[in-house]
């Protein structure tokens with residue numbers, strides 16, 4: 001399966017970088033045994049949940065759309081490859097618009113057309129880009145009456161199963177609203193930022209997975225909670241289905257950049273045009289299966305196993321150790337550190353480790369890694385660097 005950027009492209013298509021039923025039966029009565037004595041008791045009260053009121057639910061969605069849709073814009077971009085569509089959100093009354101980097105990537109003159117829900121249209125200039133989380137900032141000159149900044153929520157407070165709403169410009173149908181749930185939290189994708197050497201991309205983390213219908217053209221548009229707060233910006237879908245023209249089709253697996261990353265990154269993009277992410281200088285296999293755990297001789301099933309360390313990088317300087325002992329599986333080396341906590345917080349997967357770093361830490365900060373090495377726990381202090389260009 002491919003993870004596809006959800007940007008409509010006319011002329012040349014651009015792609016981007018994810019019961020067992022148990023029955024209970026009482027013991028059968030033994031032959032010649034006496035039947036049990038049944039003592040009458042007052043039955044517990046029955047809790048009856050009130051049925052959902054469809055009219056009230058409908059009114060909630062309608063009210064949400066009316067309240068926030070004026071802060072959503074459609075974006076049209078012309079590049080040397082052709083014309084493309086995306087979405088964006090109004091960030092402030094100064095005219096800053098947030099969208100995805102891949103929406104405005106290669107825009108002629110570093111400009112894009114921004115269309116407001118009222119019908120007002122203007123050009124925006126790209127003033128900041130973040131390839132790591134696939135974000136970009138446009139600056140527009142628009143009347144105050146057109147600028148309706150949206151409110152950002154706390155993505156760390158999200159729970160799987162919460163209702164979410166996406167509004168955007170799929171296939172050029174501006175102002176389209178779709179509804180779904182939070183399917184998972186803390187996902188990762190390849191970023192648009194390639195690591196030194198040009199062979200592997202860095203990882204974008206703390207992504208929200210949703211089944212709200214997201215399609216080409218939704219890129220850069222908001223994902224709302226039911227309070228009307230932006231809790232993410234829709235970035236990509238994972239699919240195996242495509243239209244006759246080769247455009248990816250929603251399959252119920254979409255990804256959005258979390259609001260807590262957006263809130264952290266945006267001020268820097270507006271002020272400096274760029275944002276610096278913390279850098280460990282190590283790689284990890286996110287999850288290991290039971291055979292791999294046994295092969296590596298690990299003493300627990302969870303944690304981030306260090307598969308490689310960049311020479312001279314922060315992890316290397318701190319003494320973090322990668323696997324180096326050959327095993328029966330080619331390319332898999334035993335003897336590496338298993339990171340089980342960072343700053344006292346449990347680490348079950350590399351996704352969790354990365355999400356903690358990029359939402360809480362900056363270059364120059366220190367973190368304490370708790371690792372299992374040789375069956376023993378030990379703490380290693382790492383001074384974080386800056387992701388290299």
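What follows is calculated from the coordinates using simple rules that are stated; it is not laboratory data. This structure is a prediction, so every number in the text was calculated from the model and none was measured. Because the Cβ atoms are built from the backbone with ideal geometry, glycine has one as well, and the counts that use them run over all protein chains shown.
In whole percent, what relative contact order does segment 278-386 give with Cα contacts below 8 Å and a gap of six or more residues? Don't jump to the answer; show the numbers that get you there.
Working: 228 pairs, mean separation 32.3, N = 109.
The value is 30 percent.
Report the full-extension gain for the segment residue 162 to residue 343: residue separation times 0.36 nm, less the Cα-Cα distance, to one decimal in nm.
Going from the current span to full extension adds 62.3 nm.
Once segment 300-386 is represented by equal point scatterers at the alpha-carbon sites, with solvent omitted, what log10 I(q)/I(0) does the Debye formula produce at q = 0.18 Å⁻¹?
Summing over Cα pairs of segment 300-386 leads to -0.77.
Give the order of 328, 258 when sorted by the count of other beta carbons within 10 angstrom, beginning with the fewest. If you can, show how the numbers build up before the last one.
Numbers: 328 6, 258 27.
Arranged by neighbour count, lowest to highest, 328, 258 become 328, 258.
How much length, in nm to one decimal, is gained on full extension between residue 290 and residue 328, taken as 0.36 nm per residue of separation minus their Cα-Cα distance? Numbers along the way, then the final one.
Values: separation 38, 0.36 × 38 = 13.68 nm, distance 1.49 nm.
Length gained between residue 290 and residue 328: 12.2 nm.
Based on the alpha carbons, how large is the Rg to Rh ratio for segment 75-230 when Rh follows Kirkwood?
Values: Rg = 15.7 Å, Rh = 16.3 Å.
That ratio equals 0.96.
Which of 272, 115 has the fewest other C-beta atoms within 10 Å, and how do the rest follow up to the most? If you can, show how the numbers build up before the last one.
Values: 272 11, 115 17.
Starting with the residue having the fewest Cβ neighbours, the order is 272, 115.
How much length would be gained if the chain were fully extended between residue 141 and residue 61, taking 0.36 nm per residue of separation minus their Cα-Cα distance, in nm to one decimal? Present the calculation step by step, with values, prior to reporting the outcome.
Values: separation 80, 0.36 × 80 = 28.80 nm, distance 3.09 nm.
Residue separation times 0.36 nm, minus the Cα-Cα distance, leaves 25.7 nm.
Applying 1/(1 + (r/R0)^6) with R0 = 22 Å to the Cβ-Cβ distance of residue 122 and residue 173, what FRET efficiency is obtained, to the nearest 0.05?
Computed FRET efficiency for residue 122 and residue 173 comes out at 0.60.
What FRET efficiency would be calculated for the residue pair residue 80, residue 263, taking the C-beta separation as r and a Förster radius of 30 Å, to the nearest 0.05?
Values: r = 33 Å, r/R0 = 1.12.
Working from the Cβ atoms, E equals 0.35.
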